[in-house]
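The values are calculated or read from the model by the stated rules, or taken from the named source; none is laboratory data. The structure displayed is predicted, hence computed values, not measured ones. With ideal geometry, Cβ positions are generated from the backbone for all residues, glycine too; neighbour counts draw on all protein chains shown. These area figures cover heavy atoms from the full protein model, side chains too; ligands, DNA and RNA do not enter into them. Shrake-Rupley method; radii C 1.70, N 1.55, O 1.52, S 1.80 Å.
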Amino acid sequence: MPENLTPPTSKPQVPNFSSGPCAKRPGWSVSLLENACLGRSHRSEPGKAKLKEVIDLSKKILGIPADYHLGIVPASDTGAVEMALWSLLGKLPLDILAWENFGQEWVTDVADELQLADTRVFKAPYGSLPDFGQVDFSHDVVFLWNGTTSGVRVPNGDWIDSDRTGLTICDATSAVFAMDIPWDKIDVLTYSWQKVLGGEAQHGVIVLSPRAVERLETYQPPRPLPKLFRLTKKGKLNAGIFKGDTINTPSMLCAEDALDALKWAESVGGKSGLISRSEGNLAAMSQWVEKTAWVDFLAEKPETRSCTSICLKIVDGWFAGLSSEQQAECAKKVAKLLAKEEVAYDIASYRAAPPGLRIWGGATVETADLQALLPWLDWAYATVKREME
Ligand SMILES: Cc1ncc(COP(=O)(O)O)c(C=O)c1O
């Protein structure tokens, strides 16, 4: 039997490499939620105090400027993004950027649902970024910091105009806590807890700059807004939302879990600690990709390679000769085999992305686990190839 058909001997201790919900933080156990404010009103003193603690700690760890607002909102990242789009857009022309599935979802929202007339869409195929040089910052601009389904990230904020008159609205759900966000370039940013923090899903987080607040307080969008989307009250920012007085009832169990994740984040060095854990995972993966002939990053340019949703394509000559159905089947079989061996769960590429693998490298993933996975990838690919040949 050729050497690469012999299974490796050691396995990752934690085989959770899903891109969301992501691995819980090292050392997590359900008993850590014992102090959750359960069976009480979320508007009780201890309930509100917990929510406020989540808000304050999130702002501290992310280095959010004091004059920005951070609030917990319903319906996860999608809720936070759509609340922003529905509440803010329509005053100015819009430039929207999309280079993978989720960016495309927001294009669908603005084109088909909001039907915003004055919109320019800049698209790029999986693996690359649109031409940022074409963006007009006198327009509102909607973009992702990290394309979760292509593993292509914005390398930095240099392309964003500091003197913009439009708002920048950024879905950063798979970036924040693992990538450095230049807050002065961002007017609205959204995320959820189940990505880099390894928290529980359900709530979204929205961050607003003073300019975003000004827009909310001076612009009445020409559409009905459901209660779930309303960030203002009588023309003024609903400040309570940003102190823990949520729009509707949150899960205090999820909030407690977020609090635990944030405290863990502090214990590993806060934002810079989290970033270096995630970049360390990308570095380990890069070393392996460099010496591995059958695989490459889906992201074409090294500076755009995500350190969270690490997307790989198969570049083997045999694979290139397969039909697209066979390619999809091959990638799925590799992922399935690794799950069966209990070395990696949920690493098939996103259903709308080119066939390949997507391995989460966010801060809750231990580099040792990722390193233990790498020889298994070689083994699984060789095994599936042999079976399909
Ligand atoms: C970039 C991006 N936006 C939005 C979503 C949807 O997030 P949620 O399920 O938290 O609403 C995801 C989920 O993976 C994502 O990666």
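Listed values, structure above:
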| read-out | value |
| --- | --- |
| Using a Förster distance of 30 Å, the FRET efficiency for N35-E279 (Cβ separation, nearest 0.05) | 0.40 |
| Average accessible surface area per residue within the chain, 1.4 Å rolling probe, Å² | 42 |
| Linear extension gain, D161 paired with S128, 0.36 nm per residue minus alpha-carbon span | 9.7 nm |
| For the chain, share of DSSP beta bridges that run antiparallel, in % to the nearest 5 | 60 |
| Cα-only radius of gyration and Dmax that characterise the chain, units Å | 21.5, 74 |
| Computed label-point distance, nm, for sites S44 and T9 using a 7 Å Cα→Cβ extension | 5.5 |
| Length released on extending from K91 to E342, taking residue separation times 0.36 nm less the Cα-Cα span | 85.2 nm |
| Within a Gaussian network of the chain (alpha carbon springs, distance under 10 Å), most fluctuating of G133, G280, G356 | G133 |
| Sum of -39500 (n - 2.57) over DSSP H runs of 4+, divided by residues of the chain (222 nm, nearest 500) | -10500 deg cm²/dmol |
| Order by protection proxy (mean Cβ within 10 Å, highest first), peptides 120-132, 87-99, 294-306 | 87-99, 294-306, 120-132 |
| Calculated FRET efficiency for the pair N238/S267, C-beta based, R₀ 56 Å, to 0.05 | 0.95 |
| Mean Cα-pair separation over length for the stretch 204-278, i.e. relative contact order, pairs under 8 Å, 6 or more apart, % | 18 |
| Sum of side-chain charges, Q202 neighbourhood, beta-carbon under 14 Å (Lys, Arg +1; Asp, Glu -1) | -3 |
| Modelled FRET efficiency - R0 45 Å, M388 with A368, Cβ distances, 0.05 increments | 0.90 |
| Whole-Å distance, taken between Cα centres, linking the stretch 197-244 and the stretch 11-67 | 21 |
| Total lysine pairs under 22 Å (Cα atoms) in the stretch 270-388, excluding pairs fewer than 8 apart on one chain | 14 |
| Order by protection proxy (mean Cβ within 10 Å, highest first), peptides 325-331, 308-314, 161-167 | 308-314, 325-331, 161-167 |
| Extension gain (nm, one decimal) between D67 and S18, 0.36 nm per residue minus Cα-Cα | 14.2 nm |
| Dipole in debye (nearest 20) - the stretch 142-189, about Cα centre, beta carbon charges: Lys, Arg +1; Asp, Glu -1 | 180 |
| Reach of K236 by Cα under 28 Å, taken over lysines that are not fewer than 8 positions away in the same chain | K48, K50, K52, K59, K60, K91, K185, K227 |
